[in-house]
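The values are calculated or read from the model by the stated rules, or taken from the named source; none is laboratory data. Since the structure is predicted, the reported quantities are computational estimates derived from the model, not experimental observations. Cβ placement follows ideal geometry from the backbone for every residue including glycine, while neighbour counts extend to all protein chains displayed.
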Amino acid sequence: MSVAAGFPALLAAARPLADGLAAELGGDWAQGRTTYGGCSAALALAAAQRVGGADLPPLRSATVSFVGPLAGAVEARARVLRQGRNATWIGAEITGEGGVGLTASFVFMGAAGSTLELAGCAAPGDLVPFDQARDIPADAPIPTFLRANFAVRFARPPAPAPEAELCRWVRLEQGEGLDPMVEALLVGDAMPPAVLPLMQRGARVSSMTWQINLLTARPATRDHWWLLRSEGDYASGGCSSQRMGLWNADGVPVATGMQSIAVFD
């Protein structure tokens, strides 16, 4: 697998703006005619963190809308929507040659006093450890961004019949020095839609919105390996809804999410 320069290099080459960053989204992050959604969402977060400053609390939630194609020269701009005693809301927008391609709303929040404890995000029980898992075949039809920037392995035994569920180990090949929250967004959308196993080969899909909630103030894993799982809940009339989970290499929950996807089969 050829390895691209990676997202840290993309950020290092970005030009600072008063309210964000100007960057070049190269072909190594391509997903069809646009840029991989996790890459553009991570860039929007980097712009929001820049505007929020050094005292910004940890990211706890993000709502992302994939409005249109993004590629090449783009500008990621952000502004503080509200700053309370314990939480800060920041809105971000990425524009390119075709206009607005992404909008996002980020909520940053520090720890608050609470006695409530609830843990209901366990990893699947039949996992194959990442160091024993099979690699995705080299000739598998996977997007450019995935082949260039990630290693992917099967995380569960094969199902007896196709189902609306995908579970994979994913490793970011170039992640040294990245902010942990930026890495979580960069990795969190790496899997195709969960309904893909039920669709004809070559069918087109397009993410419309992504809601992600961070379950820890500082995501961390071993050797950049993360567990991703997506489960399709609904599909009708060209729209699909799915639930998503992100765990670290030890099965500790890092994020949960939901995504709305347009399907064309």
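In the list Val128, Val170, which residue meets the criterion of being surrounded by 18 or more Cβ atoms within 10 Å (Cβ to Cβ), among the β-branched types (Val, Ile, Thr) and modelled with pLDDT of 90 or more? If you could, list the steps in order and put the result at the bottom.
Numbers: Val128 fails: surrounded by 18 or more Cβ atoms within 10 Å (Cβ to Cβ).
Within the list Val128, Val170, the selection yields Val170.
Quick check on this structure: which one of Glu93, Glu97, Glu117 is of a type in the set (D, E, K, R) and in contact with a helix residue (DSSP H, G or I) (Cβ under 9 Å, 6 or more places away or on another chain)?
Details: Glu97 fails: in contact with a helix residue (DSSP H, G or I) (Cβ under 9 Å, 6 or more places away or on another chain); Glu117 fails: in contact with a helix residue (DSSP H, G or I) (Cβ under 9 Å, 6 or more places away or on another chain).
None of the others qualify; the one that does is Glu93.
Check the stretch 129-144 and report whether any residue there is of a type outside the set (A, V, I, L, M) and under 30 Å from Gly91 (Cβ atoms). Yes, there is a match, as at least one residue in the stretch 129-144 is of a type outside the set (A, V, I, L, M) and under 30 Å from Gly91 (Cβ atoms). Out of curiosity, is Leu59 over 15 Å from Val182 (Cα atoms) and either at pLDDT 95 or above or among the polar types (S, T, N, Q) (or both)? Answer is no for this residue. Within the stretch 131-147, if we keep just the residues that are touching a residue at least 60 places away in the same chain (Cβ under 8 Å) and exposed (fewer than 10 other Cβ atoms within 10 Å of the Cβ), the residue that is nearest to Gly37 (Cα to Cα) turns out to be Pro141. Whether a residue is crowded, with 17+ Cβ neighbours inside 10 Å, more than 19 Å from Ser65 (Cβ to Cβ) and not hydrophobic (A, V, I, L, M, F, W, C) was assessed, and Arg229 passes this test.
Of all residues in the stretch 174-223 being in contact with a Phe, Trp or Tyr (Cβ under 9 Å, 6 or more places away or on another chain), of a type in the set (Asp, Glu) and surrounded by 15 or more Cβ atoms within 10 Å (Cβ to Cβ), which is nearest to Met109 (Cα to Cα)? Among those residues, the one meeting the criterion is Glu183.
In this structure, is Ala184 in contact (Cβ under 8 Å) with a residue 40 or more places away in the chain and within 20 Å of Cys39 (Cα to Cα)? So Ala184 fits the description; yes. Take the conditions over 18 Å from the mean Cα position of the chain (by Cα), exposed (fewer than 14 other Cβ atoms within 10 Å of the Cβ) and within 21 Å of Arg229 (Cβ to Cβ) and apply them to Ala112. Does it pass? When the stated conditions are applied, Ala112 does not pass them.
Can you tell which of Gly98, Gly38 is at pLDDT below 95 and not aliphatic (A, V, I, L, M)? Step through it out loud before you land on a result.
On the way: Gly38 fails: at pLDDT below 95.
Just one listed residue meets the conditions, Gly98.
Considering (1) assigned to a loop (DSSP other than H, G, I, E, B); (2) of a type in the set (A, V, I, L, M, F, W, C); (3) more than 23 Å from Ala217 (Cα to Cα); (4) under 14 Å from the mean Cα position of the chain (by Cα), the lone condition that Ala138 does not fulfil carries the number (4). When the stretch 31-67 is examined, which residues are found to be assigned to a strand (DSSP E or B), polar (S, T, N, Q) and either crowded, with 24+ Cβ neighbours inside 10 Å or out of contact with any strand residue (DSSP E or B) (no Cβ under 6 Å at 6 or more places or on another chain) (or both)? Of everything in the stretch 31-67, those that are assigned to a strand (DSSP E or B), polar (S, T, N, Q) and either crowded, with 24+ Cβ neighbours inside 10 Å or out of contact with any strand residue (DSSP E or B) (no Cβ under 6 Å at 6 or more places or on another chain) (or both) turn out to be Gln31, Thr34, Thr35. Name every residue in the stretch 141-176 that is closer than 19 Å to Gly188 by Cα, more than 16 Å from the chain's Cα centre (by Cα) and among the acidic types (Asp, Glu), in order of residue number. Once the filter is applied, which keeps residues that are closer than 19 Å to Gly188 by Cα, more than 16 Å from the chain's Cα centre (by Cα) and among the acidic types (Asp, Glu), the stretch 141-176 yields Glu165, Glu176.
Val100: in a strand (DSSP E or B) and surrounded by 23 or more Cβ atoms within 10 Å (Cβ to Cβ), yes or no? So Val100 fails the test. Residue count for the stretch 148-162 under the criterion of being part of a loop (DSSP other than H, G, I, E, B), of a type outside the set (Gly, Ala, Ser) and either modelled with pLDDT of 90 or more or buried (at least 20 other Cβ atoms within 10 Å of the Cβ) (or both): the result is 1. When residues in the stretch 233-254 are screened for being over 19 Å from Pro180 (Cα atoms) and surrounded by fewer than 22 Cβ atoms within 10 Å (Cβ to Cβ), 9 of them pass.
Here the stretch 76-97 is the region considered, the condition is being charged (D, E, K, R) and not in a strand (DSSP E or B), and the residue that is surrounded by the most Cβ atoms within 10 Å (Cβ to Cβ) is Glu97.
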